[in-house]
Amino acid sequence: MKRFAFIMMAVGVLTLPFNLDAAQVKLKFVGSIYTDAAGGALQDPTGVSIADGRLLVADSGGKRVLSYLIREGEARPDQIFPLPGMFPLMVQPAPNGEFYVLDGRERQIVILESAGKVKGKFVPKGLPGSQRLVPRSIKLAPDGSLLVLDVFSERVLKFDGSGNFQKQLAFPEQFGAFADVTMDRSGNVYLLDSVEAVVYVARSGSDTFQALTTGMKSNMNFPTSLATDNVGTLFLVDKHGSGLAILGVDGSFAGRRLSMGWNDGQLYYPSQVSISEAGNLFIADTKNNRVQHFSIAD
């Protein structure tokens, strides 16, 4: 009997309630994805992205991108896109049905056609200042634009679906090392400093980042990824702490979820988190060689 790429089991709520000043978010385990559409095992997946009923996985060790369709709450294996010679760290859908892939080997953004064929390198148009682009993170914004965390020129760049430059946001003056960027549905852009465990925000319409939090090293070890839900709650993957940290919309720390381990519902050096509008939360559980699926509710 063919092995499916997911294991679905309801094990109840894995979390404790937040403090009274934060949203009462519940996190529930749904299933684990261990294999691709051909039954092959995942190998150090580092990137996940969920949008429009499709889950994309950057399976770094396997040098490929994997696609799953979300049907009736289940992640069903769809397609395999081999990328020999690359080391895909992140993958994001493009508005036209193509895919953006962050290649960690060459530190470049590659465009895949909808069938998985490499179309070419992402070439920004109208980029001001230095034309050299060294991306650390890429993220599809709710408005369909592409956010690029450029560590070479110390800025966050925003491009439209055709690669045309729209906006840039300079890094704050003092920081450790930025690892991820995201935008909420109100147009606020969030920037994550892994070393200092600080989140910055550029409010919609603003051209500068301001600290949303103070340093949170006592609450997390080395956060590498952040995502927001429909109401603006922030979810941070703590890679070295093998857990998930939650922040309220005002930046207040609202507790940790999950813990280090190998059982379903536990994490081992996770890399990235992605949340759908329907409240499906996926985590690239890298060193457990799987993707974990949770549901969230306010």
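The values are calculated or read from the model by the stated rules, or taken from the named source; none is laboratory data. On a predicted model such as this, the values are computed, not experimentally measured, just so you know. Cβ coordinates were reconstructed from backbone atoms using ideal geometry, including for glycine residues, and neighbour counts include every protein chain displayed. Ligands, DNA and RNA are excluded from the accessible area calculation, which covers all protein heavy atoms including side chains. Shrake-Rupley method; radii C 1.70, N 1.55, O 1.52, S 1.80 Å.
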Would you grab the residues whose amide H sits under 5 Å from the one on Ala37? Only those 5+ places off in sequence or on another chain, please, with H modelled 1.01 Å from N. Asp78
Label-to-label distance, nm, for residues given as Lys26 and Lys217 (7 Å Cα→Cβ offset): 3.7 nm
Report the local net charge at Ser32: Lys and Arg +1, Asp and Glu -1, summed over other residues whose C-beta lies under 11 Å from its C-beta. -1
In Å, the Kirkwood hydrodynamic radius from C-alpha pairs for region 160-242 sits at 13.4 Å
Under 5 Å, built H, 5+ apart or other chain: amide partners of Ala94: Phe99, Tyr100
12 Å beta-carbon shell around Val156, net charge (K/R +1, D/E -1): +1
Lys167 to Thr208: extension gain in nm, 0.36 nm per residue of separation minus the Cα-Cα distance? 13.6 nm
Counting heavy atoms of the protein chains only and a 1.4 Å probe, report the per residue accessible area for region 246-295 as a whole number of Å². 34 Å²
If I stretch the segment between Ser295 and Lys117 completely, what's the gain in nm (0.36 nm per residue apart, minus their alpha carbon distance), one decimal? 60.8 nm
Amide H neighbours of Ser242 under 5 Å, at least 5 residues apart or on other chains, H built in the peptide plane: list them. Tyr269
For region 217-246 and region 83-134, compute the distance between their C-alpha centroids and round to whole Å. 25 Å
Highest to lowest packing among 137-150, 92-105, 57-70, scored as the average C-beta count within 10 Å: 57-70, 137-150, 92-105
Fully extended, how many nm does the chain gain between Trp262 and Gln131 (0.36 nm per residue separation, minus their Cα-Cα distance)? 42.8 nm
Over region 47-172, with the other protein chains present, what is the accessible area per residue in square angstrom, probe 1.4 angstrom? 41 Å²
Which percent of the accessible heavy-atom area of the chain goes to carbon and sulfur, probe 1.4 angstrom? 50 percent
Cα convex hull of the chain: mean projected area in nm², to one decimal? 14.4 nm²
